[in-house]
Amino acid sequence: MVRRSRARAALLSPPPGRRYTRSWSRARGAGEMIRDEFANLVARALASAQAAGDLPAFAAPEIDLQHPQRPEHGDYSANLPLRIQSLVRMRAVDVAAAIQRHLPPHEALAEARVAPPGFLNLYLAPGWVASQAEAIARDGDGYATGDRGGGERVQVEYVSANPTGPLHVGNGRGAAIGSTLANVLRARGDEVEEEYYINDAGTQVAIFARTLYARYQQIFGRDAPIPENGYPGEYITGIARRIRDEEGDRYLRPEGQEPDPGLGERGIELMLEEIRRDLEAIGVRYSNWYSERALQAEGGPYHTVLERLRDRGHVVEREGAVWFASSEVGEEKDNVLIRSDGVPTYFATDIAYHFDKLVTRGFDRSIDIWGADHQGHVSRLKTAMRALDASPEALDVVLYQLVTLRRGDRIVPLSKRAGELVTLADVVEEVGPDATRFFFLLPSAGSAMDFDLELAKRRSEENPVYYVQYAHARIRGILDRAREAGLSAAGADAALLVHGAEQTLVRKLLLLPEVLETVARELAPHHLPHYAQELAQAFHVFYTQCRVVDEEQPELSRARLLLLDATRVVLARTLGLMSITAPDRM
RNA sequence: GCCCUCGUAGCUCAGUGGACAGAGCAGCGGACUUCUAAUCCGCGGGUCGCAGGUUCGAAUCCUGCCGAGGGUGCCA
């Protein structure tokens, strides 16, 4: 996996009076990214080489540091010489050598090597690596947290499924992506709110209410047909039955009359209760539930925003409908705001909703997690924000592709066929919340995913979630064992961690801040489960190669217990950010 | 028709301008008197959909084509 760090050379003259010493005791949070420090060093070396006339003057580009795929190429690698060789009319290896000569010393840097065709490879000092086990263990749950984010007020909105039926598998994917993203942004120092937008107004809700009334009447023996385009699902009968059990026949009206609006409202309430319960089962808890009906209330955002659009001349009336004249502001076509029957479209209320987020409630940033079927909506919504002088850049939309449910080779149709699983709750019940979340998070949002129930359910080596959790449980086991033997990490000398497996493990631990940075920058939570697997693997290898509890070697045991403390913290944190449990035994 | 996303090992997927393209699973062969073998070690496996182009360098960027999914003025 290649990750990069960017630093602008121009901004990076060393702070006056600050000396870089070889001492490993200089106070620094373990969460600070060593990659950034190295990028910093390269930027300073470049500037100093230019000042000394070893390199010509030119506008310094961004310094990208990468993790080479092959360990012999170092821990970090700069390709800057290759990128600027034609600009400076020099051979890349000579550029690399010039930078190398001017590289300031750094406690973590053992060596920098020039490698053809012009890479500058940086090698971490093993002693510094070992010392980081202690720094990470000391930081504990505070590792890789805090002030690294922008400190912005961010709102993440996800799922927001119509409260007219139970959540399906696709909603689960949105839930996993949205809540994990929120967790990561919060960990990095943003002030994050998670919100569910309740579509409790509009046509779908009206159809739901009519279907519910039909089912309700059927319970009382009436021959009431499901309305045209009504919801065929059995679950509505369940709701009708529950309302009958709790409130009797109070919603029953003489045959042929319109249903009592109170019945539909009660139905939506019950549906929302179920949705909330299903989401809580996979560790999702919202800070706010926002009602579309409230949005549309007299004097509410919908009316204010529509007026504002109108005032700015973006609204036209045509063919009995009210349109957003979006073709005049860069869109391919106009879009309907109010249909000819007087009912506002989803688009119109969504404009109001997002204006409310960005302007009225003043979030610095709004991140929406949508299924790919809403893709066409992104551009026109941003255009609407621009037309309202709300910053479209403050609105990010993460689109995730759809989910195919499978059992081994067999595709499970998402139709409502009896006996087949369709709801999120069914999946969670069958495979468990941890595996459900892990599998949803594994593929990047942009790729369509197969959710294999058989694999997710399997409690064996084939299932990556247990591989990761097992690493945590194993560490707990060793820690227990150490306590029985009277050993602890107190007074440990981290410098003893020189074994290859120990060094590899610490290097993985050092990656967490970079992974979180990538997740936050790309809004791509799938890096987290991949990292979790890499980390678990580094631990399992360590476990097989390095005995921890060894009463013959108490010093080494203490050092390794320190490493285990650090590893356990990082593993638990990584799992926690995905809202997956870190078990003490399995 | 047009727009968006995707196409990488048998399967599920990472990698999206750098060095001989990676992981897990599946397959084959090894390792438990030792802190949990839900583990570890080794082996085999890829014209990165196809064809051009840009670049010192392309799975990655551009163009065209093929294939899958989604969208496309009064569904959400």
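Report yes if A:L535 is touching a residue at least 12 places away in the same chain (Cβ under 8 Å), closer than 22 Å to A:F440 by Cβ and either out of contact with any strand residue (DSSP E or B) (no Cβ under 9 Å at 6 or more places or on another chain) or crowded, with 21+ Cβ neighbours inside 10 Å (or both), otherwise no. Here the answer is yes, as A:L535 does meet what is asked.
Considered as a group, the residues in region A:317-344 that are touching a residue at least 24 places away in the same chain (Cβ under 8 Å) and assigned to a helix (DSSP H, G or I) include one that is nearest to RNA strand B (Cβ to nearest atom), and that residue is A:S326.
Among the residues that make up region A:480-498, is at least one of them within 30 Å of A:M271 (Cβ to Cβ) and either in contact (Cβ under 8 Å) with a residue 12 or more places away in the chain or crowded, with 20+ Cβ neighbours inside 10 Å (or both)? It would help to see each step written out before you state the result.
Restricting attention to region A:480-498, the residues satisfying the condition of being within 30 Å of A:M271 (Cβ to Cβ) are none.
No, every residue in region A:480-498 fails to be within 30 Å of A:M271 (Cβ to Cβ) and either in contact (Cβ under 8 Å) with a residue 12 or more places away in the chain or crowded, with 20+ Cβ neighbours inside 10 Å (or both).
When you scan region A:564-580, do you find a residue that is without any contact (Cβ under 8 Å) to a residue 24 or more places away in the chain, assigned to a loop (DSSP other than H, G, I, E, B), out of contact with any strand residue (DSSP E or B) (no Cβ under 9 Å at 6 or more places or on another chain) and over 15 Å from A:A133 (Cα atoms), even just one? No: region A:564-580 contains no residue that is without any contact (Cβ under 8 Å) to a residue 24 or more places away in the chain, assigned to a loop (DSSP other than H, G, I, E, B), out of contact with any strand residue (DSSP E or B) (no Cβ under 9 Å at 6 or more places or on another chain) and over 15 Å from A:A133 (Cα atoms). The set of residues in region A:524-552 that are near RNA strand B (Cβ under 9 Å from one of its atoms), of a type in the set (A, V, I, L, M) and within 14 Å of the chain's Cα centre (by Cα) contains only A:A524.
Hey, could you check region A:350-377 for residues that are more than 8 Å from RNA strand B (Cβ to nearest atom) and of a type in the set (A, V, I, L, M) and say which is farthest from A:V403 (Cα to Cα)?
Looking only at region A:350-377, we keep the residues that are more than 8 Å from RNA strand B (Cβ to nearest atom), and these are A:350-370.
Those left that are additionally of a type in the set (A, V, I, L, M): A:351-352, A:358-359, A:367, A:369.
Numbers: A:I351: 28, A:A352: 30, A:L358: 31, A:V359: 34, A:I367: 21, A:I369: 15 Å.
Top of the filtered list is A:V359.
Would you mind finding the one in A:R474, A:R483, A:R459 that is outside the structural domain of A:L563 (by TED's automatic domain parsing), within 11 Å of RNA strand B (Cβ to nearest atom), among the basic types (K, R) and farther than 21 Å from A:A135 by Cβ? Walk me through it before giving the result.
Values: A:R474 fails: outside the structural domain of A:L563 (by TED's automatic domain parsing); A:R483 fails: outside the structural domain of A:L563 (by TED's automatic domain parsing).
Of A:R474, A:R483, A:R459, the one residue that is outside the structural domain of A:L563 (by TED's automatic domain parsing), within 11 Å of RNA strand B (Cβ to nearest atom), among the basic types (K, R) and farther than 21 Å from A:A135 by Cβ is A:R459.
For region A:42-57, a residue qualifies if it is without any contact (Cβ under 8 Å) to a residue 40 or more places away in the chain and hydrophobic (A, V, I, L, M, F, W, C), and the qualifying residues are A:A43, A:A47, A:A51, A:A57.
Say whether the condition of being within 18 Å of A:L523 (Cα to Cα) and not hydrophobic (A, V, I, L, M, F, W, C) is met by at least one residue in region A:402-415. So far as region A:402-415 goes, no, none of its residues is within 18 Å of A:L523 (Cα to Cα) and not hydrophobic (A, V, I, L, M, F, W, C). With respect to the stated conditions, A:R91 is in contact (Cβ under 8 Å) with a residue 24 or more places away in the chain and among the basic types (K, R).
With the condition being in contact with a Pro (Cβ under 6 Å, 6 or more places away or on another chain), I'd like the helices (runs of 4 or more DSSP H) fully within region A:444-546 carrying at least 2 qualifying residues. Before the answer, list the steps.
On the way: elements: A:453-457, A:464-484, A:500-509, A:512-522, A:527-545.
Correct list: A:464-484.
Checking each residue in region A:184-228 for being in a loop (DSSP other than H, G, I, E, B), within 16 Å of RNA strand B (Cβ to nearest atom) and crowded, with 17+ Cβ neighbours inside 10 Å picks out A:N199, A:D200, A:A201, A:G202.
Evaluation of A:R173 against the conditions (1) within 12 Å of RNA strand B (Cβ to nearest atom); (2) closer than 22 Å to A:Y235 by Cβ; (3) more than 16 Å from the chain's Cα centre (by Cα) shows that the sole unmet condition is (3).
The values are calculated or read from the model by the stated rules, or taken from the named source; none is laboratory data. Note that this is a predicted model, so its numbers are computed, not measured. When we count neighbours, we look across all protein chains shown, and the Cβ atoms used for this are built from the backbone with ideal geometry, even at glycine.
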